[in-house]
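The values are calculated or read from the model by the stated rules, or taken from the named source; none is laboratory data. The structure presented is a predicted model; accordingly, all values stated were derived computationally and were not measured. Every residue, glycine among them, receives a Cβ derived from its backbone with ideal geometry; neighbour counts consider all protein chains shown. Ligands, DNA and RNA are excluded from the accessible area calculation, which covers all protein heavy atoms including side chains. Shrake-Rupley method; radii C 1.70, N 1.55, O 1.52, S 1.80 Å.
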Amino acid sequence: MIFNQTEKQEKEYLQQVITTIHDTINTTSTSVKEHIDTLQEYKDYLWSNKDIDPHEIRSMRESILNHFALGENVIDKRRRLSKILDIPYFGRIDFQEKKDKSQVSPIYIGIHTFYDLNQKKNLIYDWRAPISSMFYDHELGEATYSSPAGEINGTILLKRQYRIRKGNMEYMIESSVTVHDDILQKELCSNADNKMKNIVTTIQREQNQIIRNENASVLIIQGVAGSGKTSIALHRIAYLLYAQKGQISSKDILIISPNKVFADYISNVLPELGEETVPETSMEQILSDVIDNKYKHQNFFDQVTELLENPTPDFIERIQYKASFEFISLLDKFILYMENNYFKATDVKLTKYITVPAEFINEQFKRFHRYPIRQRFETMTDYILEMMKIQYNLTVTTAEKNLLRKEIKNMFSGNNDLQIYKDFFEWAGKPEMFKMRKNRMLEYADMAPLAYLHLALDGNRTQTHIRHLLIDEMQDYSPIQYKVIQKLYPCRKTILGDASQSVNPYGSSTAAMIQKAFTTGEVMKLCKSYRSTFEITSLAQKIQANNELEPIMRHGEQPEIFPFKNAEEETTGIVNLVSDFRNSG
C-alpha cells in the first residue's frame, strides 16, 4: 500500500512533519539555554575562586570549550531547522531495494536532512545525499545510486513533486520524468528579483551530473546563454561541501567573478542552501597582487570600453597577440634565455685578503638551477660563505654577508620586472607589441604576462589553502591568465562560461583553449536554455546563431523591434517602455 496516497493525506503528513520540526526547535532552544547557564556557572566559579589548582583550571577550560562547541552545534542545528519550516521538502521517491523482502521506503527530499530522534529515522533527506540523486537522474522503474557501501540497485515505484510555500502545500504532481514540465514552467515564470535563487527543485539530469562530478580535477562547463551554468556551479560547491565534509570548508574555496555587481547577485545562493558564503576575488585583483600593485594599469572595463568606442587596429593586434599560445611559448623560451644570458658573474672582494672568484660564483648559480633565479641569491650567498668558512676558517660579519648578497643580486640584469618585459619584446623582434599609455599606465593585456614573468623569476606564491577554485565567465580570460592561475592555484577547479558570450572577442578563450592551457580538464556541455521564451530565443538566434542551443518550449509574446532616428529618440523610447511596463501591473 502506498504511504500517503492522496493529496489530502500528503497535506496532513506535511503538518505532522512541521509540528515535529517545531518540537525539535523548542528542544534545541532549551538545550542552548542549558549550555549558556552551565557556561555562566563556570565563569562565576572561576571569578569567586582565584586560587584554585592549575589542574582544575585546565580541566575546567576543557569543559568550557566542550560546552561552547556543543552549544554552537545546537545553535547551528536550530538555524538549519528554522530555515526548512517554510519549505520542508519538494520531492519524494518511493524506492525498493533489490533484496529479498525489501520494504518500499518513501524518501522525502528537501534542502536539508531532518532526523527525528523519537522515530529514529530520517523524515527528510538532503538533496545532496547519495539516495536523493535518483530523484534527478531516474524516472519510474529500475534505478541505482552510489552509496559509501557501494552501488545500490532497486526500483522507483512512485515519484512526486510538491510546491510548498510558508508551510502550506499549494499542489502536488505525480511525476514520471526527471522534473515535470509543469513544475519547471511555473518556477521559470515566477517573478525574479535582484538575487539569484537556488534551483534544487528543478535540477535537470545533465545538470545533476555536473553538480555531483567528484572525479575531474579541472571541470570545464561550456553552457549556452540561460542554461543555468552559474547556478549549477554554486550548487556544485554546496554539493562538494556536503560530500567532502571534514575535508573542505567554505573558506577553502575561492570564486573568481567578473565584478562586484555579479558577486552581489550570486551572494544569496549558498546561504539559501545552508552553506557559508565563499570568498570572492577578481582576475584583476589577483594579477595586481602578484606584481605587488606597483603599476598603474587599465582594468578590464577600460579595455572593453576602448574596444567599443575607439578600437584601433594596433590595439586589437596587441590584445590578440598576448592571447595566443605562441606568445606563451615565446615567454617560456625567453625565461630560459635569461637563465643563460642575464647572469654575469664578477669577482667579489670579500675581505682585505679574500676575493671570491667570478668562476666560483657562476658555478653556484648553475648548482642551484632548480631554484627560481631570484630565489638563488640568498642560497648562493649562504653556500659560498660556508665554503669560505671551511677553506679559510673565516667567519664573516653581517655587513660582509649583506654586501656579498647585494653584489650577487646585481650580477643579474633582470631585477626590474618592467624592464625585462620590454626586453622580451625586443628579443622576440616585436617591440611594437608593447605600448605604455599616458602617465606610465599599462594596458590590461600586459598584466598577466608581467605576472607570469614575475612568478617564473621569484617563484610561485602557491595558494595552498585554497582547495577548490571556481572561475565564472571563463570566456573573458586569456590563456596567459589561465597559466598564471595554474601557478597560483594548483587545486581542483570548476570553470564555466560560454564562448559565444565573450565581451572581448580578441582576448577570449574557448573550452578547448582552457583545456590546452591547463593540459588537462573534462569538458561538459549544457545546451538547453531556460532563461527566455521560445520567441525571444528565436529572435536572438537570427542575430547570432548558436547551433548547440536548444530552447525550452515556454511561449510568450513575440518580441517587437522599435526603430529610432537617433540616440535621443532611442533614450526617450526606452524610458516610455519602462514607464508603460511599470504601469501595466
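Per-structure values
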quantity	calculated
Size of electric dipole in the chain: Cβ of Lys, Arg +1 and of Asp, Glu -1, about Cα centre, debye, nearest 20	1320 debye
Full-stretch length increase - Ile561, Asn583 - with 0.36 nm per residue and alpha-carbon distance subtracted	5.8 nm
The chain: angle of helix 313-322 to the longest principal axis, Cα-based, in degrees nearest 10	80 degrees
Lysines with Cα under 29 Å of Lys438, excluding same-chain neighbours fewer than 8 positions away	Lys260, Lys294, Lys296, Lys322, Lys422, Lys430, Lys483
Restricting segment 269-343 to GluC sites (Glu not before Pro) in coil, as DSSP defines it, with at most 12 other Cβ within 10 Å	Glu276
Sulfur and carbon atoms: percent of accessible area, the chain [1.4 Å]	51 percent
Over 27 Å between alpha carbons, listed pairs Lys43/Lys77; Lys101/Lys166; Lys121/Lys528; Lys121/Lys251	Lys101/Lys166; Lys121/Lys528; Lys121/Lys251
Between segment 293-346 and segment 511-531, the Cα center-to-center distance that results, in Å	25 Å
Segment 241-288 and segment 104-173: distance between their alpha carbon centers, rounded to Å	28 Å
Backbone N under 20 Å from the Leu117 label point (7 Å along Cα→Cβ), restricted to segment 75-104	75-85
Helical mean residue ellipticity (222 nm; -39500 (n - 2.57) per DSSP H run of 4+; nearest 500) of the chain	-15000 deg cm²/dmol
Leading residue at positive end of dipole, the chain (Cβ point charges), from Ile384, Tyr530, Ile131	Ile384
Simple label model, 7 Å out from Cα along Cβ direction - Ser102 to Trp427, nm	6.4 nm
Cut-off 11 Å, label 7 Å out along Cα→Cβ of Ala216, residues of segment 461-496 by amide N	493-496
Residue-wise HN-Hα coupling along segment 219-227, computed from phi with Karplus coefficients 6.51, -1.76, 1.60 (Hz; x: Gly, Pro)	9, 10, 9, 9, x, 5, 4, x, 8
Residues whose placed amide H lies under 5 Å from that of Tyr145, excluding near-sequence neighbours	Ile152
Probe 1.4 Å - accessible area at Val575, Å² to nearest ten	90 Å²
C-alpha long axis of helix 447-458 to longest principal axis of the chain, angle in °	60 degrees
Over segment 424-568: Kirkwood hydrodynamic radius from C-alpha pairwise inverse distances, Å	18.9 Å
Accessible area expressed per residue, the chain, with surrounding protein chains retained (probe 1.4 Å, Å²)	54 Å²
Globularity index of the chain, i.e. its alpha-carbon radius of gyration over 2.2 N^0.38 Å	1.26
Under-5 Å amide H pairs with Ile124, H placed in peptide plane, nonlocal only	Phe114
Cα long-axis angle, helix 229-243 against the chain (0 to 90 degrees, to the nearest 10)	90 degrees
Per-pair calculated FRET efficiency, R0 = 25 Å: Arg370 and Asn410 via Cβ, rounded to 0.05	0.65
FRET E, pair Thr397, Glu359, Förster distance 22 Å, beta-carbon r, rounded to 0.05	0.30
Residues of type lysines that Lys401 reaches as a straight line, Cα spacing below 21 Å, ignoring anything fewer than 8 places off in the same chain	Lys344, Lys349, Lys352, Lys366, Lys389, Lys409
